[in-house]
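The values are calculated or read from the model by the stated rules, or taken from the named source; none is laboratory data. Quick caveat, the model's predicted, so the values are computed rather than measured. Note that we place each Cβ from the backbone using ideal geometry, even for glycine, and neighbour counts take in every protein chain shown. Just so you know, the surface numbers come from the protein's heavy atoms only, side chains and all, with ligands and any DNA or RNA stripped out. Shrake-Rupley method; radii C 1.70, N 1.55, O 1.52, S 1.80 Å.
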Amino acid sequence: MGTIMPEIRLAHRLLVLMTVFAMLATKPVMAQRLATQPQVAQRRPQTGFLLRTFKDEAGDHKYTVFVPHNYTPAKKWPVILFLHGAGERGNDGVLPTTVGIGPIVHQREANFPFVVVFPQCEDMHGRLLKGWSADTDDGARGLKILEQVEKDYSIDSKREILTGWSMGGYGAWEWAATAPERWLSVVPMSGGGDRAWGEKLKNVPIWAWHGAKDRSVRVERSRDMIAAIQAAGGNPRYSEVADADHDVWMQAYDDDSLYAWMLSPQGDPAKLPAVTTRPKAVPGKQQAASLEPAFIPALDVPRAGYARMGNEMLAALADAVPQVVPQDMLTGRLNDISDATEAEGRTFSVYMYGLSYRAQLARASIKAYRKDRLNIQLGLKNVQVVIGGTSLSGARHSAQAGPISIVIGHQRPVWLSFDVTPVVVDRKLRFRHVGTAFHIPDDNWYVSSPAGVEAHGWGMTEGKVSSGLVSGLYGRKGTIEQQVGSIVPNLIAELEKRFDAAAAGKSVTAIWPLPVYRPRLNVWPAEVSTDESGVSLVLGMTAAAVDPAKPPRMVQVARPLGLTAAAIPLSTKLQVGVAPEILGPLSEMIVEADVARINVADTPSPELAKLGEATVLAEAIPDLKRFGGQAEVSTELVLAGPINMSDVPGKSPLLEAPKIKLIVSFKADRLSTGWRPYAEFDVVLRQSFAPKLVKPTELTRAVSFAPDVPPQVEVRGRFSPGYEPQEPQIDNERMQTLFAAGWEDFVNGGGPPDAQLPDIDLGYTTLRAEDAVWSSPDVYAVFGPAGVKITNTSDKPLVYETKGPYSGWGGPYTLKAGQTHDYPIAYPLIFRRRAASGYQMFTLPAGTHSEFRTKITGTPEALYKAREPEEIQKALDAIGAPAEEKDKDKK
């Protein structure tokens, strides 16, 4: 059950995307990382992430440099300059390491072969997408910091590598165009630039990355730059990740081939030897600490959503348990046993010590069966209880025996059953032990003779002692059953620890469609209830302080918004819901921190950006015409009050933003210095969104939030105090039309907003979203078995057999050409078919789609990963297949 908590992140993504409020958020915050403390500068460690200070005429500027752990001045090292996104602006020097390449370097730092420089943009109020422009103070200082690092360390100046993400992606494109000969390689991510730079960039080794689902910086920005370079005769690399959004850096910087290419940009990344790799996770071993800033609680919402874990979901979880439970959970020590027995008229004291056990888990069952009762059953096999030594003592007689083994379940699993009551204690899920049942069948256990016996006293022989101990243990089966049952409290304690480890530190970063401040949320259990069909868990939510350096005096507590445990629908599946009304207190907190503002030119919407063009604004503000087309304007979109979500009976949730402001500043001409306040507009916005499950591909699911109707917009404008217009009239209706067009483009550009619903991987079994529903007061997603799909795309029948993890072979089944078999299961399916060389066997994990086809024309058919339609199209284009063949293959 501990694997469920991270998935609650999905429900919050649904909410935040539905609101699309983030277009209003722009001012990032300064954050501090606990991992970097003041002592770093004093110790001046030679390797790892080091906090440094650059001094110039403007003062001190902090930055971070990563130095490889095997660094030596005797070698010239390549250097990577990383330009961060808008959300990492500030002056702490650390925040740039928390998003982008920093966390990936942290994972790989044991063998990362680059020096990495992390300068920080300090301008908190300027244009976002111009934050790293080469002609800004921050841009110029970033290059000076790179030069300072090259003086301090042994750097190969011919191997300077430039990369950046989001705002930094824009900076990487511009810096590459400004000094195209300088960089060994350039890697812009989620950025864009000026198509006119194509000629300058045609000879620069570039590998650009963009997420196809990016709503913060639309994918067209990278496509345009690649097309411009290609038109100029260049040959840049471009990776557009189909299922990625603005955070494409998570896939890109984690790609081993990228780092090999950075050093050898003329080579094929697939054929280059790896220069760094990410260590594989070790089960049970704690991974490196997160680089995220400290999570300072600022806002609590006691009822923000829920998770309903029905018995169907618990059964899928139980199927995964034997595959994912580490061996150490079924290994341990037992208490010593003191007893007394009689033999041949004599009384003996028996002391058994050094007891240990180990077992294998063959099956598991988890089921809720009545109020406050959850039954867990473990099918144990090859249980070995070892008695390290036995001491017998009586009047003038004694004996010592060596280890004795008791083996249980050597023929078939023996079931250890225990009941628990799930409860919430201090925001943690706990399991109170109610009772245990364990019975050993007479034909499914045995006791071995002791390894060595030493007897003392007349009539005491080794044989008598040995047989007496073995028969005595057979006669005390009840005691042995109690001893095995005594491990249950330890199992429960381990279960709670692993649940806590899975839930701890799972900071939920909501998806905001702009490269700016993102609220950080943690989710915790607030209330739990168990019934005959499942477990209902009410979820609370805590939002972190906008600025960790300025913690609130006390945590604000919002009113409960979602369902109580008693009101959660009694689904037998997994159902995860969130109350959209949490947007109210969350947005209020952000407004109070004054981070909900953005220049319209920095939004991903071209239509919204027009509100920052003087010629367009002149349609609503005729006074602008007095400047004869020389005026420049800058328009900032500001959220001045919280956003509310209203529950309209029988309709979709309604977003209401009653306090939006458009603040317009101007310059009379380009030679003027400083911006002057010009006009302000009060905007009221209402928009309803209908959640709907969509299937981007055969294997992926998402929730689309398409607007039900056009937005309702009201605009009232006025000139700023102190400005005297020549034409005092403002056309509010025209401004209303312009804003509505910009809003619709922002919301629907690239398709309606959607939130990915990744499969829930339970380690062996997999669940996939089946539906997304609005039912006041929650939006919820339902998950069921991910299923296994097999399609025959060959021209002959496919005959095969299947086997589940706990069943024999079924079939044979015949799959005709062009048809598909669907298996609605959550566990892997073993597939086999008879071939000329014997059996072909494959394990098909849940959530996969396989197809029977030839890989290369003329070769025998086999089972391969199914191709998505776009993959088929690319393959056909590559071989120049005629149109009729393309249509045939698509079908």
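Here's the yes/no breakdown for (1) touching a Gly at 6+ places or on another chain (Cβ under 6 Å); (2) over 30 Å from A493 (Cα atoms); (3) touching a residue at least 60 places away in the same chain (Cβ under 8 Å):
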{"position": "P413", "(1), (2), (3)": "yes, no, no"}
{"position": "D419", "(1), (2), (3)": "yes, no, no"}
{"position": "V453", "(1), (2), (3)": "no, yes, no"}
{"position": "G459", "(1), (2), (3)": "no, yes, yes"}
{"position": "V465", "(1), (2), (3)": "no, yes, yes"}
{"position": "L473", "(1), (2), (3)": "no, no, yes"}
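Return yes when W774 is in a strand (DSSP E or B), surrounded by 17 or more Cβ atoms within 10 Å (Cβ to Cβ), among the aromatic types (F, W, Y) and touching a residue at least 60 places away in the same chain (Cβ under 8 Å) and no when it is not. Considered against the rule, which asks whether it is in a strand (DSSP E or B), surrounded by 17 or more Cβ atoms within 10 Å (Cβ to Cβ), among the aromatic types (F, W, Y) and touching a residue at least 60 places away in the same chain (Cβ under 8 Å), W774 comes out as yes. D245 satisfies every condition listed in (1) within 18 Å of E220 (Cβ to Cβ); (2) modelled with pLDDT of 90 or more; (3) crowded, with 19+ Cβ neighbours inside 10 Å except (2). For I145, the requirement of being open to solvent by less than 10 Å² (accessible area, probe 1.4 Å), out of contact with any Gly (no Cβ under 8 Å at 6 or more places or on another chain) and under 28 Å from K55 (Cα atoms) is met.
For the stretch 668-699, filtered to residues that are within 30 Å of D243 (Cα to Cα) and in a loop (DSSP other than H, G, I, E, B), the residue that is most open to solvent (accessible area, probe 1.4 Å) is K695. Scanning the stretch 655-670 for any residue that is within 43 Å of the chain's Cα centre (by Cα) and at pLDDT below 90 turns up at least one such residue.
Does S665 satisfy the condition of being open to solvent by less than 50 Å² (accessible area, probe 1.4 Å) and either touching a Pro at 6+ places or on another chain (Cβ under 9 Å) or over 27 Å from K213 (Cα atoms) (or both)? Yes. The set of residues from the stretch 811-844 being in a loop (DSSP other than H, G, I, E, B) and either of a type in the set (S, T, N, Q) or buried (at least 16 other Cβ atoms within 10 Å of the Cβ) (or both) comprises Q819, I825, A826, Y827, P828, S837.
Do we find a residue being surrounded by fewer than 23 Cβ atoms within 10 Å (Cβ to Cβ), touching a residue at least 60 places away in the same chain (Cβ under 8 Å) and under 30 Å from V219 (Cβ atoms) anywhere in the stretch 622-635? No, there is no match, as no residue in the stretch 622-635 is surrounded by fewer than 23 Cβ atoms within 10 Å (Cβ to Cβ), touching a residue at least 60 places away in the same chain (Cβ under 8 Å) and under 30 Å from V219 (Cβ atoms). Here P585 clears all of (1) crowded, with 23+ Cβ neighbours inside 10 Å; (2) within 21 Å of D647 (Cα to Cα) except the condition numbered (1).
Yes or no, residue by residue, for (1) assigned to a strand (DSSP E or B); (2) open to solvent by 10 Å² or more (accessible area, probe 1.4 Å); (3) out of contact with any strand residue (DSSP E or B) (no Cβ under 8 Å at 6 or more places or on another chain):
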site: W173; (1), (2), (3): no, no, no
site: R182; (1), (2), (3): no, yes, no
site: V186; (1), (2), (3): yes, no, no
site: G192; (1), (2), (3): no, no, yes
site: G198; (1), (2), (3): no, no, yes
site: H210; (1), (2), (3): yes, no, no
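Annotation note: of T802, T791, the sole residue that is polar (S, T, N, Q), outside any loop (DSSP other than H, G, I, E, B) and either free of Cβ contacts under 8 Å to residues at least 60 places away in the same chain or open to solvent by 70 Å² or more (accessible area, probe 1.4 Å) (or both) is T802.
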